[in-house]
Amino acid sequence: MVCRVKPFARGFTLIELLVVIAIIAILAAILFPVFAQARESARKTQCLSNIRQIGMGAQMYSQDYDEMIMPVAVMQGAVVYYWWASYSGITNSRDETQGLLYPYMRNNQINACPSFSNDTRPTVGHTGYGYNYKYLCPYTQTGPFQFDVRPISSAAVMSPSETVFLADAARMNYRISPPRLESQPFLDPPSAAVPGFQGRHLDSGMVAWVDGHAKTFRPVYRTGIFGAGYDAATFRANRIGEIDSDGDLTTDELFDLK
Ligand SMILES: [Ca+2]
C-alpha cells in the first residue's frame, strides 16, 4: 500500500495575514509606550541621583567657603566659573574640570539630566538644571560682561528644606518665532512670570533643595496670556511651569529666604 503524504495544503490567505498583522500592530501599540515609559522611568531615577549628588557637592562647597552658598558664577577676568565648568570668553571654550563643584564630584557624567538632549548653548555647556539665582546669589550688572555677584550665607536661608537650590529647567526663547525650547541654567521664581521648571520626567521634574535633599515635583502650569505676552499653551506643551506650593504665583515661598 502506498502511503501518500498530503503536501502542505496552502499558504496563508490574505485575510489571515491581515489578522496577524493587525494583532502585531495592536501588541506594538500597547507595548511600545510601556517600553518608552520604562526607559523614562530609569532616566528619572538617574536624574534624581544626579541632582542629589550635585546638591551634596554644593553642601561641601559651602563648608569649604565659610558657609557661603555656592554662587551662580565666579568671574575672574574673561573666565566665568559655573558649577559645571569654566568658560573662557577669549578662547570661547569650556573646561569641565574647572567647574566649582568638580573638586567634590570628580565626575562630569552626573552634571547633565539624562532626559535633556537640547543642543543649544553648546560652547558654554548645558546641564538641563537651573539654579535659584535670584534669591541664593543676587547680583548686579556693573558693565558689559561685568557682574557684581554677592553670594549669601547659608544661615540667611530660614527654611533650607523648603528653598529650591537646583531643578530641571529649560526656557522658551521668544526672540525666535515660533518660540524655541532651549537650555537654561538659571531658574526664575514664580513672581518673575518666566516659567522655567520643566516636568520632563513623566510630567514631573527633579528639585534639589538647599538642605541637600532632592525629590520630584510637578510643575504648576499657567493659563492664558501672561508676563511679556507669553502664551501659557506654549509652555504647557513643553511641560514648563513653576515651582509653587500656595497657589499664588506672585509669591516665591519655595525660592525666597523666609
Ligand atoms: Ca507662591
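The values are calculated or read from the model by the stated rules, or taken from the named source; none is laboratory data. Worth saying up front: this structure is predicted, and the values here are computed from it rather than measured. Because the Cβ atoms are built from the backbone with ideal geometry, glycine has one as well, and the counts that use them run over all protein chains shown. Ligands, DNA and RNA are excluded from the accessible area calculation, which covers all protein heavy atoms including side chains. Shrake-Rupley method; radii C 1.70, N 1.55, O 1.52, S 1.80 Å.
Considered as a group, the residues in the stretch 233-253 that are under 19 Å from the mean Cα position of the chain (by Cα) and open to solvent by less than 20 Å² (accessible area, probe 1.4 Å) include one that is nearest to F116 (Cα to Cα), and that residue is I240.
Within the stretch 172-194, one or more residues are surrounded by 16 or more Cβ atoms within 10 Å (Cβ to Cβ), within 21 Å of C137 (Cβ to Cβ), away from the ligand (no atom under 16 Å from the Cβ) and polar (S, T, N, Q).
When L249 is tested against (1) out of contact with any Ser or Thr (no Cβ under 8 Å at 6 or more places or on another chain); (2) within 16 Å of the ligand (Cβ to nearest atom); (3) part of a loop (DSSP other than H, G, I, E, B), only condition (1) is not met.
Residue-level check: of (1) open to solvent by less than 60 Å² (accessible area, probe 1.4 Å); (2) at positive phi, S86 misses just (2). Of all the criteria given as (1) over 15 Å from the mean Cα position of the chain (by Cα); (2) small (G, A, S); (3) within 22 Å of Y133 (Cβ to Cβ); (4) away from the ligand (no atom under 13 Å from the Cβ), the one not satisfied by G224 is (3). For the stretch 110-191, the strands (runs of 3 or more DSSP E) that sit wholly inside it and include 3 or more residues that are under 19 Å from Y230 (Cβ atoms) are 171-173, 180-182. Has the stretch 112-128 got any residue that is open to solvent by 60 Å² or more (accessible area, probe 1.4 Å) and of a type in the set (V, I, T)? Scanning the stretch 112-128, I find no residue that is open to solvent by 60 Å² or more (accessible area, probe 1.4 Å) and of a type in the set (V, I, T), so the answer is no.
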